[in-house]
1. Is it the case that ARG52 is surrounded by fewer than 23 Cβ atoms within 10 Å (Cβ to Cβ), within 25 Å of TYR17 (Cβ to Cβ) and basic (Lys, Arg)?
2. Can you tell me how many residues in the stretch 100-111 are touching a residue at least 40 places away in the same chain (Cβ under 8 Å) and either more than 14 Å from the chain's Cα centre (by Cα) or buried (at least 23 other Cβ atoms within 10 Å of the Cβ) (or both)?
3. Can you tell me which residue within the stretch 149-167, out of those that are among the hydrophobic types (A, V, I, L, M, F, W, C) and exposed (fewer than 14 other Cβ atoms within 10 Å of the Cβ), is modelled with the lowest pLDDT?
4. Criterion first (in contact (Cβ under 8 Å) with a residue 12 or more places away in the chain, assigned to a strand (DSSP E or B) and among the basic types (Lys, Arg)) does ARG161 satisfy it?
5. So in the stretch 55-76, with the set limited to residues that are β-branched (Val, Ile, Thr) and under 21 Å from ASP21 (Cα atoms), which one is surrounded by the fewest Cβ atoms within 10 Å (Cβ to Cβ)?
6. With a cut-off of at least 3 residues that are within 24 Å of VAL158 (Cβ to Cβ), modelled with pLDDT of 95 or more and touching a strand residue (DSSP E or B) at 6+ places or on another chain (Cβ under 6 Å), name the strands (runs of 3 or more DSSP E) lying wholly within the stretch 1-82.
7. Residues to consider are SER103, SER116; find the one that is in a helix (DSSP H, G or I) and out of contact with any Pro (no Cβ under 9 Å at 6 or more places or on another chain).
Amino acid sequence: MDAVHRVGFLPADQRQYGDLDVPLPIGWGQTNSQPTTVRQMLELLDVRPGERVLDVGAGSGWTTALLGWLTGPTGRVVGVERVPGLVEFGADNLARAGLPWASVQPATPGVFGDPSQAPYDRILVSAQARSLPDELVAQLAPGGVVVVPVAGRMLRAVRPRAGGAPEVEEHGWYRFVPLVSDPPADPPPSDPRYEPPADRPPSDPAPWPPRPTTPPPDGSGRGVGDGSA
């Protein structure tokens, strides 16, 4: 991770803290994830040179740049971000990093990821889903991998080459901001893809937020975890 230093992806008033292993604010209520969490997610993702990668929740552009460094110039990395101010901030940071095969673009309302450029060999999701997002799994190439926090647990899911349900592993407790998609102009009623606001529980009877059997570590914001299985 030293190849793409975090400091270049932080607001000016946060750069002095860039070496700390904690989430840092980047504006618009979002944070740059804890470096240990990012490292653990990248290890699970296992990106190879030349692969096509989708980065969901690109934020400051740091993870997009790290993924671009891992794929090298023969690969392609697409970062999507729903907050317009962060799209501009992340794209500017990424441009300075000198990785033209990686980009940050606005997320399409009503869509998770970017199916228009699928399939991807790897998908990294830096926000917590309530369940494994089928819409993102469908954007994987056969044998592709998605790493995503779900209900407090980090999941690594592989799309089988022969079809069928994805192969899912659990790795450690983590805390992330919720995975949300801005609704399209006329979303269908009760569409399960759209998260409720953070202060309102979902309509189903499951605990909100999900209550783990073992408490996650102290911390808050995007990307805090202990990485323990």
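1. Details: surrounded by fewer than 23 Cβ atoms within 10 Å (Cβ to Cβ): yes; within 25 Å of TYR17 (Cβ to Cβ): no; basic (Lys, Arg): yes.
For ARG52, the condition - surrounded by fewer than 23 Cβ atoms within 10 Å (Cβ to Cβ), within 25 Å of TYR17 (Cβ to Cβ) and basic (Lys, Arg) - is not met.
2. Our first condition is that a residue be touching a residue at least 40 places away in the same chain (Cβ under 8 Å); within the stretch 100-111, this holds for 104, 107, 109-111.
Within this subset, residues satisfying the condition of being either more than 14 Å from the chain's Cα centre (by Cα) or buried (at least 23 other Cβ atoms within 10 Å of the Cβ) (or both) are 104, 109-111.
Of the residues in the stretch 100-111, 4 are touching a residue at least 40 places away in the same chain (Cβ under 8 Å) and either more than 14 Å from the chain's Cα centre (by Cα) or buried (at least 23 other Cβ atoms within 10 Å of the Cβ) (or both).
3. Of the residues in the stretch 149-167, the ones among the hydrophobic types (A, V, I, L, M, F, W, C) are 150-151, 154-155, 157-158, 162, 165.
Filter once more, keeping what is exposed (fewer than 14 other Cβ atoms within 10 Å of the Cβ): 162, 165.
Details: ALA162: 87, ALA165: 92.
Here the residue is ALA162.
4. Numbers: in contact (Cβ under 8 Å) with a residue 12 or more places away in the chain: yes; assigned to a strand (DSSP E or B): no; among the basic types (Lys, Arg): yes.
Against the criterion (in contact (Cβ under 8 Å) with a residue 12 or more places away in the chain, assigned to a strand (DSSP E or B) and among the basic types (Lys, Arg)), ARG161 does not qualify.
5. Pass one, the stretch 55-76, residues β-branched (Val, Ile, Thr): 56, 63-64, 71, 74.
Next, only the ones that are under 21 Å from ASP21 (Cα atoms) stay: 63-64.
On the way: THR63: 28, THR64: 33.
This residue is THR63.
6. Of the strands (runs of 3 or more DSSP E) lying wholly inside the stretch 1-82, those with at least 3 residues that are within 24 Å of VAL158 (Cβ to Cβ), modelled with pLDDT of 95 or more and touching a strand residue (DSSP E or B) at 6+ places or on another chain (Cβ under 6 Å) span 52-56, 76-81.
7. Details: SER103 fails: in a helix (DSSP H, G or I).
That would be SER116, the only listed residue that is in a helix (DSSP H, G or I) and out of contact with any Pro (no Cβ under 9 Å at 6 or more places or on another chain).
The values are calculated or read from the model by the stated rules, or taken from the named source; none is laboratory data. Because the structure is a prediction, the values reported are computed rather than measured. Please note: Cβ atoms are built from the backbone with ideal geometry, for glycine as well, and neighbour counts cover all protein chains shown.
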